[in-house]
1. I'd like to check something: does the stretch 73-89 contain any residue that is within 16 Å of the ligand (Cβ to nearest atom), within 14 Å of the chain's Cα centre (by Cα) and either at pLDDT 95 or above or among the basic types (Lys, Arg) (or both)?
2. Does Gly93 meet the test of being at pLDDT below 90, within 16 Å of the ligand (Cβ to nearest atom) and either in contact with a strand residue (DSSP E or B) (Cβ under 8 Å, 6 or more places away or on another chain) or under 19 Å from Gln25 (Cβ atoms) (or both)?
3. Go through Leu168, Leu185, Leu173, Leu136 for me and flag whichever is more than 19 Å from Leu71 (Cα to Cα), of a type in the set (A, V, I, L, M, F, W, C) and in a loop (DSSP other than H, G, I, E, B).
4. Could you list, in sequence order, the residues of the stretch 163-183 that are in contact (Cβ under 8 Å) with a residue 24 or more places away in the chain and either within 12 Å of the chain's Cα centre (by Cα) or more than 10 Å from the ligand (Cβ to nearest atom) (or both)?
5. Kindly indicate the residue of the stretch 96-119 that is more than 16 Å from the ligand (Cβ to nearest atom) and surrounded by fewer than 24 Cβ atoms within 10 Å (Cβ to Cβ) and also nearest to the chain's Cα centre (by Cα) among those meeting that condition.
6. Restricting the search to the stretch 120-162, which residues are farther than 15 Å from Ile33 by Cα and near the ligand (Cβ under 10 Å from one of its atoms)?
7. Scan the stretch 102-133 for residues that are β-branched (Val, Ile, Thr) and assigned to a strand (DSSP E or B) and jot them down.
Amino acid sequence: MIAMFAAGCLQAAGSEKLTIVFDFQGPHSSRSISEMQQEVAGILKDSGLTLKWRALERTDGATDAGDNENLVVVRFNGRCILEPNPVLYDERGPLAFTHTSDGAVLPFSEVACDQVTASMRSAMFGGDYAQGEQLLGRALGRVVAHELVHILTNSHDHGREGVAKSALSGSQLITPRLPLSSSDLERLRAEHHR
Ligand SMILES: [Zn+2]
């Protein structure tokens, strides 16, 4: 499974562009997806990277990398929607993880949508449900940005604050603003401009 993404391995820094290929395995909302893209762009706005997004094309069964295109694949497992009457779900467990091989971080992350929705629900109150799709997109964006920091810095390290912390609470997933801390931004830029 991992081998098919080998072609998309991040090349040495130098390229300014990063394409995020997304793949939803279950139900999802286009409103949440566009919100997620905005959130990731906002978090990484000072990183020097230009982000592009595209859905995984299943026609040829492979992810084709264009010339000099840095690809990251993000797979969203489970149900990426806020259901009106959710099945109670154990909210413990990782929100997402990124594959590794021999200690190297691979450009392939998986997001556990059921964990993300369960976690954010724990912090949602009445009025929040009216903007549920937007909040879900925000939460997904933060989770994706967190994994991108691992990939872009080829590191398992976590920040002490901000979106790269080792754990994000439900309220940190949906609070209006959760930026990258300045030390994490520096880490990212140092890697990127090396
Ligand atoms: Zn992490």
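The values are calculated or read from the model by the stated rules, or taken from the named source; none is laboratory data. The structure displayed is predicted, hence computed values, not measured ones. A quick note on method: Cβ atoms are made from the backbone with ideal geometry, for glycine too, and the neighbour counts reach across all protein chains shown.
1. Keep residues of the stretch 73-89 that are within 16 Å of the ligand (Cβ to nearest atom), which gives 74.
Of the ones still in play, those that are also within 14 Å of the chain's Cα centre (by Cα) are 74.
In the following step, the residues that additionally are either at pLDDT 95 or above or among the basic types (Lys, Arg) (or both) were identified as 74.
Yes, the stretch 73-89 contains a residue that is within 16 Å of the ligand (Cβ to nearest atom), within 14 Å of the chain's Cα centre (by Cα) and either at pLDDT 95 or above or among the basic types (Lys, Arg) (or both).
2. Working: at pLDDT below 90: yes; within 16 Å of the ligand (Cβ to nearest atom): yes; either in contact with a strand residue (DSSP E or B) (Cβ under 8 Å, 6 or more places away or on another chain) or under 19 Å from Gln25 (Cβ atoms) (or both): yes.
Against the criterion (at pLDDT below 90, within 16 Å of the ligand (Cβ to nearest atom) and either in contact with a strand residue (DSSP E or B) (Cβ under 8 Å, 6 or more places away or on another chain) or under 19 Å from Gln25 (Cβ atoms) (or both)), Gly93 qualifies.
3. Working: Leu185 fails: in a loop (DSSP other than H, G, I, E, B); Leu173 fails: in a loop (DSSP other than H, G, I, E, B); Leu136 fails: in a loop (DSSP other than H, G, I, E, B).
Answer to the check: Leu168.
4. Filtering the stretch 163-183 for residues in contact (Cβ under 8 Å) with a residue 24 or more places away in the chain gives 163, 168-174, 178-180, 183.
Passing the criteria: Val163, Ser169, Gly170, Ser171, Gln172, Leu173, Ile174, Leu178, Pro179, Leu180, Ser183.
5. So in the stretch 96-119, the residues more than 16 Å from the ligand (Cβ to nearest atom) come out as 101-102, 113-114, 117-118.
So of that shortlist, the ones also surrounded by fewer than 24 Cβ atoms within 10 Å (Cβ to Cβ) come out as 101-102, 114, 118.
Details: Ser101: 19, Asp102: 22, Asp114: 14, Ala118: 17 Å.
So the residue we want is Asp114.
6. Start the filter on the stretch 120-162 by keeping residues that are farther than 15 Å from Ile33 by Cα, which leaves 120-130, 146-162.
Passing the criteria: His146, Glu147, Val149, His150, Ser155, His156, Asp157, His158, Gly159.
7. Initially, the stretch 102-133 is screened for residues β-branched (Val, Ile, Thr), giving 105, 111, 116-117.
Hits for the stretch 102-133 are Val105, Val111.
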